[in-house]
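Since the structure comes first, as structure tokens, the remarks are kept for the end.
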Amino acid sequence: MLSNRKKKFIFLNIFIWMFFGIILLVGAMPKTPLMINENIKKNLSIIFPNRWPFFTKDPREEYVYIFQKNSQGYILHPNLPNSSFANFYGMINTQRAIGMEYGMITSLIDENLWHPNNTGKNLLKIIDNDTIKTIKLKRDVKYTELKGEYIFAKIEPLPYLWRNKVNQLEMPSKFVKIIIE
């Protein structure tokens, strides 16, 4: 049987978590009868910048891989999701900046310049080939994180049940080789 002290602690803990959960939920909604002050809403988005990635991400959205050229060849750029623990749940802005730069750069690239990979070959073996047409871009003031030689790849999502049976890099994809000077 729980003592009164433990019961109070559990009740207080549940109450605090419910309070913050309701505040975050109401703060995320655009227009509701329970509207909170705009200043409070703004401060909530500063404290918790990446609240709902699970609910807002399209599960059929293509995966983005960024491969960076170094002396050994192309290595996978460590672009983690904004909401990952390593990025302190969105508080560290480096990955967000890389994602924004990726979006700005890919919007400049015509869709027919992307190389398709529908053969089932491993993407790493294909990108090591030096005959891939390269697109050169002048470094803009907007691009502060990405500089050098990259391969951007968009890979179709892997069905959940196939995760342990199929290599993600062998899924249908499209890629482009870019040099940002």
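The values are calculated or read from the model by the stated rules, or taken from the named source; none is laboratory data. These figures come from a predicted structure and were not determined experimentally. When we count neighbours, we look across all protein chains shown, and the Cβ atoms used for this are built from the backbone with ideal geometry, even at glycine.
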### Message
Quick test of your reading of the structure: Thr144 fulfils all but one of (1) touching a helix residue (DSSP H, G or I) at 6+ places or on another chain (Cβ under 9 Å); (2) loosely packed, with under 14 Cβ neighbours inside 10 Å; (3) closer than 20 Å to Leu169 by Cα. Name the failing condition by number.
### Response
(3)
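If only one of Lys69, Lys7, Lys31 is of a type in the set (D, E, K, R) and modelled with pLDDT under 80, which one is it?
Working: Lys69 fails: modelled with pLDDT under 80; Lys7 fails: modelled with pLDDT under 80.
Selected residue: Lys31, the only one of Lys69, Lys7, Lys31 that is of a type in the set (D, E, K, R) and modelled with pLDDT under 80.
Taking the stated definitions as given, is Lys165 of a type outside the set (Gly, Ala, Ser) and either touching a strand residue (DSSP E or B) at 6+ places or on another chain (Cβ under 6 Å) or assigned to a strand (DSSP E or B) (or both)?
Taking the combined requirement at face value, the residue does not satisfy it.
Please specify each residue of segment 168-181 satisfying the condition of being part of a helix (DSSP H, G or I) and surrounded by fewer than 18 Cβ atoms within 10 Å (Cβ to Cβ).
Residues of segment 168-181 part of a helix (DSSP H, G or I): 168-170.
The answer is Gln168, Glu170.
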### Message
If I filter segment 38-49 for residues that are part of a loop (DSSP other than H, G, I, E, B) and modelled with pLDDT under 70, do I get at least one hit?
### Response
yes
